[in-house]
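Participant: This is the structure I want to talk about, given as structure tokens.
Derivation of every value follows stated rules applied to the coordinates shown; laboratory data play no part. Treat the numbers as computed from the prediction; the structure is a model and nothing was measured. When we count neighbours, we look across all protein chains shown, and the Cβ atoms used for this are built from the backbone with ideal geometry, even at glycine.
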């Protein structure tokens, strides 16, 4: 599990850093345009004026709201990879790791009162993890185990037998 986190962590940080850079740069441009257009009526001289802070915060809040589906998409992608790694790591330790994962997702969905058939628009806009039905279907129907998973499982089995 540590290996998966170590491999994914730089990608996650890079994606979020790029997203924040875009948000702050667009916020700076849009806030500057807003202050130039309506600043005289609001008695704001420029972006260097402390009175422009509310304008900048509102612009950043709007941009963050608009780009929220993008960041949720990043998170869903990395959560799917983490689920896949967990399935690969438990392959060989449990009789049917796909079934065990599906049962765990079912219990998780019941505990969280997850929607059994979420609207795809809701998933796109609001979900930062894959929906439970997608997690369930991908674990039960497809089980691809790369060669490196056998090494992880054999090491885990050796450690468990000691």
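Participant: Order these by the 10 Å Cβ neighbour count, fewest first: 22, 121, 59.
Facilitator: Taking fewest neighbouring Cβ atoms as first place, the list is 121, 22, 59.
Participant: Just need the relative contact order of segment 1-114 here, percent rounded to a whole number, with Cα pairs under 8 Å and 6+ apart. List each step's numbers first, then the result.
Facilitator: Working: 49 pairs, mean separation 31.2, N = 114.
So the answer I get is 27 percent.
Participant: Also, quick follow-up: Cα gyration tensor of segment 44-139, axes a ≥ b ≥ c as square roots of the eigenvalues: rounded (a/c below 1.5), prolate (a/b > b/c) or oblate?
Facilitator: prolate
Participant: Can I ask one more? Counting other C-beta atoms within 10 Å, which of 76, 37, 135 has the fewest, and how do the rest follow?
Facilitator: Details: 76 18, 37 9, 135 22.
With the sparsest Cβ surroundings first, the list reads 37, 76, 135.
Participant: Oh, and also: Using Cβ contacts closer than 10 Å as the measure, can you line up 113, 53, 47 from fewest to most? Intermediate values should be presented prior to the final figure.
Facilitator: Working: 113 7, 53 12, 47 16.
The order, fewest Cβ neighbours first, is 113, 53, 47.
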